[in-house]
Amino acid sequence: MYDFAYHKPASVADAVALLAGADDGKLVAGGMTLLPTLKQRLAQPSDLIDLGGVSGLSGIRREGDALVIGAMTTHGAVAASAEVKAAIPGLAELAGLIGDPQVRNRGTLGGSICNNDPAADYPGALVALGATVTTNQRTIPAEEFFTGMFETALEEGEIAQSVSFPIPEKSAYTKFRNPASRYAIVGAYVARTAAGVRVAITGAGPTVFRWKEAEAALSANFAPSAVEGLKAPATNLNSDIHASAEYRAHLVMVMTKRAVAEIA
Ligand SMILES: Cc1cc2nc3c(=O)[nH]c(=O)nc-3n(C[C@H](O)[C@H](O)[C@H](O)COP(=O)(O)OP(=O)(O)OC[C@H]3O[C@@H](n4cnc5c(N)ncnc54)[C@H](O)[C@@H]3O)c2cc1C
């Protein structure tokens, strides 16, 4: 680990000012990804700005037909929330499948989406549910937020404050997980909403994507059999020591079918 200056601001405005004043400042939320990176000397920020003391960034509340979850809300809090379980049980289930208890008690919604690991679970829920991310500057639809592998639409100095999840009629998430880390080798989030069926796939490609072919098939017939004959194209899918692109393409169908079965 290299030397850095540590700051613990109490407001978003102070955090923004600290970022602007630093040579190479970095926000830290749960630290679950960032701290191992620092320990391995893969990054050398001049300043670490801890969001842990910023008020108003965590918590879960219902706002009309949506659930609004603060960026600093931990995965454990989302998994245990009676409000989330009642309104979007698939989202509570997803949060409960992330990592292990230690990771769930430190890792945050904001840290997960801003890091945008291709194998992270939350991006699937945001895209399938048509969520929006509110930052200190604007509101960004989920489909525009996740721009590439470990890349997001956030600009320099922009801080994610909360995510608004429209409440679907029904939704479910299933993943084929890495047995060691529990990250998604492939995860499928299926949502039935008043506007139609949405299927978002995580883990399979460089970043989360919608599987439009399955959405069309499920809109015509919402049953596991509707996706059975479909095959996701293996082009542009990840291929690594955990799974080939071909295998991931197969898992996309199987995970989607299981999520549909869970809902149906
Ligand atoms: C052993 C292990 C297993 C894991 N398993 C899973 C899994 O199964 N599924 C899964 O989805 N994830 C998994 N994770 C990831 C974990 O759940 C965290 O979500 C992730 O590490 C980042 O969240 P964090 O709060 O720790 O963010 P940090 O590590 O603190 O930050 C991550 C990045 O986001 C930036 N950032 C953080 N908050 C904000 C904000 N509000 N605005 C702007 N930028 C911000 C930081 O600057 C940094 O670049 C695992 C992690 C570990 C260590």
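No value in this document is a laboratory result; all are computed from the given coordinates. Everything numeric here is computed off the predicted structure, so don't read it as measured data. Neighbour counts run over all protein chains shown; Cβ positions are idealised from the backbone, glycine included.
Values for this structure:
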| read-out | value |
| --- | --- |
| Loop-resident sites, region 128-233, for trypsin sites (Lys or Arg not before Pro), counting at most 14 other Cβ within 10 Å (DSSP) | R138, K231 |
| Anisotropy class of region 5-53 from Cα gyration tensor, a/c 1.5 cut | oblate |
| K170-Y2 pseudo-label distance in nm [points 7 Å out on the Cα-to-Cβ vector] | 5.2 nm |
| Fraction of alpha-carbon pairs over 22 Å apart in the chain - percent | 54 percent |
| Eligible lysines near K175 by straight Cα distance, threshold 26 Å, same-chain separation 8 or greater | K85, K212, K231, K257 |
| Kyte-Doolittle mean at least -1.0 and Cα axial length at least 18 Å: DSSP H helices in the chain | 245-263 |
| Charge dipole (debye, nearest 20) of the chain; +1 at Cβ of Lys and Arg, -1 at Cβ of Asp and Glu | 820 debye |
| Cα centroid of region 121-147 to Cα centroid of region 206-223, whole Å | 18 Å |
| Of all DSSP beta bridges in region 1-148, antiparallel share, percent nearest 5 | 55 percent |
| R61-S219 pseudo-label distance in nm [points 7 Å out on the Cα-to-Cβ vector] | 3.5 nm |
| Simple Cβ-charge dipole of region 197-264, Lys/Arg +1 and Asp/Glu -1, about Cα centre, in debye nearest 20 | 120 debye |
| Computed lengthening from E156 to A10, 0.36 nm per intervening residue step minus Cα-Cα distance | 50.6 nm |
| FRET efficiency, 1/(1 + (r/R0)^6) with R0 30 Å, evaluated for K212 and T139 via beta carbons | 0.80 |
| Ranked F4, F209, F150, F165, criterion: other C-beta atoms within 10 Å, fewest first | F150, F4, F209, F165 |
| Kirkwood Rh in Å, taken over region 82-151 so that all alpha-carbon pairs contribute | 12.9 Å |
| Whole-Å distance, taken between Cα centres, linking region 159-177 and region 32-78 | 16 Å |
| Region 1-17 versus region 233-254: alpha-carbon centroid distance in Å | 40 Å |
| Local electrostatic count at G31 - Lys and Arg +1, Asp and Glu -1, tallied over other residues with Cβ under 10 Å | 0 |
| Leading residue at positive end of dipole, the chain (Cβ point charges), from G196, M1, L48 | G196 |
